[in-house]
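A short write-up of the structure that comes next.
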Amino acid sequence: MKAIETKADYQKYVDEKTPNSPIWGNLFKAFIVGGAICLMGQFIMDYLTTGVGLDKDTASSVTSITLVFIGIFLTAINVYNRIGKFAGAGSIVPITGFANSIASPAIEFKSEGLVLGVGAKLFQVAGPVLVYGISTSIAVGLIYYLLK
Amino acid sequence: MDIMKYVWCFVIGGAICVVGQILIDKTKLTSARILVLFVTVGVILTGLGLYQPLVDLAGSGATVPLTGFGYSLGKGVMKEVDEVGLLGVFTGGIKATAGGVAAAILFGFLAALIAKPKMKKQ
């Protein structure tokens, strides 16, 4: 085998050595679990609008809060991580995955204290998500205001 | 009851997650980057008016994935601009997503206080 000299060589070497992940299987699992979580959200939403009689925006907020609660609860009892091992992006992309990304590092780093452990690590992933999400929304809002 | 609503919800929601899985498998993006990307794309698509049709079709299939969080931010900011003008640019996004964000902070905080960190298995 020829010597590894450039970054490209190294990348090629790594690609050869890493086992090909069974991508179709991963996609299927992500599809099923992701779809199922969305369906759960839809059932909650339907119950809140037709069962409880909330308006659509309120029901949507309550659905988010409920899913966030479920995601964090399952994280706290160490179940969500197991779902994640099976489902990959199917459990990362839904809002329950966002909730998991908030609780998981905060639980993991609680030994570093209440402020820089729990307090800071809650935002390890949520921080960037909020920074880019909110900044983009401000840009969209500004453009919308100017074009109106 | 319209069964197709649930079919679309499942299919679109699943498909958005599949996009995330393809990114993980093909580009080695970390989950944090995926979440940032999905939120940002959700806001932009909403601003362009392209995400609303997906929400109309798939309901929670489009709002539960993190692109839907972006949708709430984008929709909220435009609604608020309509109602209060320039100030809405700053207040609309957070207002629309306040419930979910506040809940995530509170529940996450409580979970961290109560739950024990899992031991790393050797």
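Derivation of every value follows stated rules applied to the coordinates shown; laboratory data play no part. Here the structure is a predicted model, which is why all the values come from computation and not from measurement.
Taking amide H as placed 1.01 Å from N in the peptide plane, residue A:54 has its amide H under 5 Å from the amide H of A:49, each at least 5 places away in sequence or on another chain.
Before anything else, pin down the relative contact order of the stretch B:1-70: Cα pairs under 8 Å, at least 6 apart, normalised by residue count, whole percent.
Numbers: 65 pairs, mean separation 32.6, N = 70.
With pairs under 8 Å counted, the relative contact order is 47 percent.
Sequence-distant contacts, meaning Cα pairs under 8 Å at least 6 residues apart, place the relative contact order of chain B at 22 percent.
Among complete DSSP H helices in chain A, those whose alpha-carbon atoms stretch at least 18 Å along the helix's long axis and whose mean Kyte-Doolittle hydropathy reaches -0.5 are A:23-46, A:56-76, A:95-108, A:123-147. The sum of -39500 (n - 2.57) across all DSSP H runs of n ≥ 4, divided by the residue count of chain A, sets its helix-only mean residue ellipticity at 222 nm to -24000 deg cm²/dmol. Using a 10 angstrom cutoff on alpha carbons, build the Gaussian network for chain A and name the most mobile of A:102, A:65, A:92. Judging by the Gaussian network model, the answer is A:65. If you take the square roots of the eigenvalues of the alpha-carbon gyration tensor of chain A and sort them as a ≥ b ≥ c, do you get rounded (a/c under 1.5), prolate (a/b over b/c) or oblate? Since a/c reaches 1.5 and a/b is larger than b/c, the shape of chain A is classed as prolate.
Here the stretch B:9-29 and the stretch A:45-102 have alpha carbon centers that stand 17 Å from each other. For the stretch B:38-47, putting each phi into the Karplus relation 6.51 cos²θ - 1.76 cosθ + 1.60 with θ = phi - 60° gives couplings of 5, 4, 4, 4, x, 5, 5, 4, 5, x Hz, in residue order, rounded to whole numbers and with x for Gly and Pro. Mean separation of Cα pairs under 8 Å and 6 or more residues apart, divided by the residue count, gives the stretch A:23-108 a relative contact order of 39 percent.
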